[in-house]
Every structure is written in C-alpha cells, then in structure tokens.
Amino acid sequence: LDTTPELYHRIIAVNLTAPFMLTKAAIPVMMNGGGGSIVNITSISAMRGQGGMGAAAYATAKAGLMGLMVDVADTYGKKGIRVNCIAPGPVYTPMVYAAGMSPELREQRRRASPLGIEGTGWDIAHAALFLASDEARYVTGVVLPVDGGVTLTSASR
C-alpha cells in the first residue's frame, strides 16, 4: 500500500525492463556468433516475502525476470544460447555498507543462514562465472539461489 506508482515504475524499469532490453539486444549478436550465455541477477525475494516499501514491486520485477529467463532459454536454446538466473540472498556488498547496515542486523542476517556465514558479492560473482563458462554447457533455464541456504527457512524466520 505504501508503494507509489513512481516507485513501482522505477523498480520495474531497473529490475525487469532493463534486463529485457539488454537480452533483446544480445540475442541477435549471440545468434550470429554461434551462441552464448546470459546470466541475470534475480533475488530470493521473488521466492519468499521480505516486506517493506517497494518490496512487492521488487519481488514482482525479480519474478518477472525468472519468467523472462525461462522463455528465452526455451526459445533460443536451439541457437546455442543458455540463459540462467542467480538469486542472491542477503549478501554484504559495498552498497549495503554505504547504506549503513548496523552490526546487529549483519549478525541477524548471518544467523538466518543455515551455514551460519555471511555472503559477499564474490559469492555471486563465482556463481555467475560458472554459469557463463563452458563448464555450465548443459545448464540452462535454472534459478540458482546463492544464499547460504536462507531459502530453506521460512520467510518469517
């Protein structure tokens, strides 16, 4: 109820429209080059609630990105194009640091992971590197949660 139409449109533009347009531009180039790999960043928010202002719009955009991935993977797989998504969980990044996350909230997020560790941007980068590599030649249409197991727990935990 707190999400304004302007906030909704901005969130959709950044998290769904931009990847859609980039994919649309990349597909012809990849087809001409014999194939390729697209790795989109979605979020575990598309799979479980998070609450807060703009959260529903964010979850909607990230779920839409999963739908885009499934369709493009199916449509262009025969052209040698693989499409996958990474769904990060709570990771500590420079953006999170700049927002001033408290040590208490960081500890709470760490404890929410069944692994009991805090993820970083490097964890997401390593997953993206794998999905983009030839080692993932038989992987397409996949949403890979990189979240320390957070999606295994209930949304209210």
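Structure values in brief
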| item | result |
| --- | --- |
| Sequence-separation-based contact order of the chain, relative, with Cα cut under 8 Å and 6+ spacing, percent | 28 |
| Residue-normalised accessible area of the range 68-157, given per residue in Å² at a 1.4 Å probe | 63 |
| 17 Å reach of a label modelled at V142, 7 Å along Cα-to-Cβ, counting backbone N of the range 109-130 | 123-130 |
| Inter-site label distance for F130 and K24 at 7 Å from Cα along Cβ, in nm | 3.3 |
| Highest-MSF residue in the chain out of A63, A46, A13 [GNM, Cα springs under 10 Å] | A13 |
| Residue-span extension gain [T153 to I41] - 0.36 nm each, minus C-alpha spacing | 38.2 nm |
| Accessible area in the full protein assembly, largest first, 1.4 Å probe, for Y8, Y76, Y138, Y92 | Y138, Y8, Y76, Y92 |
| Two-decimal log10 I(q)/I(0) for the range 11-157, as the Debye equation yields it once each C-alpha is a single scatterer, q = 0.13, 0.20 Å⁻¹ | -0.62, -1.27 |
| In range of the label at A55: residues from the range 1-27 whose backbone nitrogen is under 17 Å from the point 7 Å along Cα→Cβ | 1-4, 8 |
| Within straight-line cross-link reach of K24, aspartates and glutamates at Cα separation under 17 Å, skipping those fewer than 8 residues along the same chain | D71, D74 |
| Proximal charge balance of V91 [Cβ under 12 Å; K/R count +1, D/E count -1] | 0 |
| In degrees, nearest ten, helix 121-132 long axis to first principal axis of the chain (Cα) | 20 |
| Ranking by accessible area, most exposed first, for E104, E118 with a 1.4 Å probe | E104, E118 |
| Exposure of L152 as accessible area (Å², to 10), given a probe of 1.4 Å and all protein chains | 140 |
| Check: the chain dipole with +1 on Lys, Arg Cβ and -1 on Asp, Glu Cβ, in debye | 180 |
| Structure-based [θ]222 nm, the chain - -39500 (n - 2.57) summed over DSSP H runs of at least 4, per residue, nearest 500 | -14000 deg cm²/dmol |
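The values are calculated or read from the model by the stated rules, or taken from the named source; none is laboratory data. Please read these numbers as outputs of a predicted model, since none were measured by experiment. A quick note on method: Cβ atoms are made from the backbone with ideal geometry, for glycine too, and the neighbour counts reach across all protein chains shown. Side chains included, ligands, DNA and RNA excluded: accessible areas come from the protein's heavy atoms. Shrake-Rupley method; radii C 1.70, N 1.55, O 1.52, S 1.80 Å.
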